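Below: the structure, in structure tokens.
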Amino acid sequence: MQVTDSTGDDGIDFKLLADLAAGAEDAFVELYRRRQPDVYRFAFAMARSRTFAQDVTQEVFLNVLENAARFDGAKGSVRAWLFGCARHKILDRLRLERRWTDAMPPEAAEFDHDERLHADQRVERLHAALARLPIEYREALVLCEIQELSYAETAGVLGCPLGTVRSRLHRGRALLLVLLDEAAEAAADGSPSADRALRTSEVCS
């Protein structure tokens, strides 16, 4: 089922969800095709685990199947609603597993040349730094910077005032830069840097 609509992506999503609520199973398949990558990337950036991200994504779309008729378009886009559902699933899992304190090893990969190796190392350091951020900063950064939601949409997903989103982004970016600098120094000299970065997080909190 391929849906086109002059109202743009939001209009397509609204129509698919309405069709799904009316019982059209192929609408679910198309909505999943369109939005599964967004939900997966959000969950992966929050937890740095592919298995975690896959499980959260599955739970989110099961929720879509069960609650499509309850979606209120007046409260925001379908994409923002999916991120809100994902956030609740992620927080529940993080509370149970305390995964935000675990340092997960990078998966083995084959590199074609040095440029690819350096690029992947930078991405790995970014994911590692994001995983060390306090959860409130991490989710704000992932939603705004990676998923490119507006500040207003992010405030809706997080259930907080717009000013709080701005504050969390400001502090989160500052701490992320410190963590990335520390990671680069550690990679250069092989020395641990967690203590200094965590002390800096106290200043940003």
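Nothing in this text is a laboratory measurement; each read-out follows from the coordinates by a stated rule. Since the model is a prediction, treat every value here as computed from it, not as a measurement. FYI the Cβ positions are ideal-geometry reconstructions off the backbone, even for glycines, and counts take in every protein chain you see.
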Original post:
So, counting K/R as plus one and D/E as minus one, what does the shell of residues with Cβ under 14 Å around ALA68 add up to?
Top reply: -4
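Take ARG95, ARG41, ARG79 and order them by how many other Cβ atoms sit within 10 Å, fewest up front.
Numbers: ARG95 11, ARG41 15, ARG79 20.
With the sparsest Cβ surroundings first, the list reads ARG95, ARG41, ARG79.
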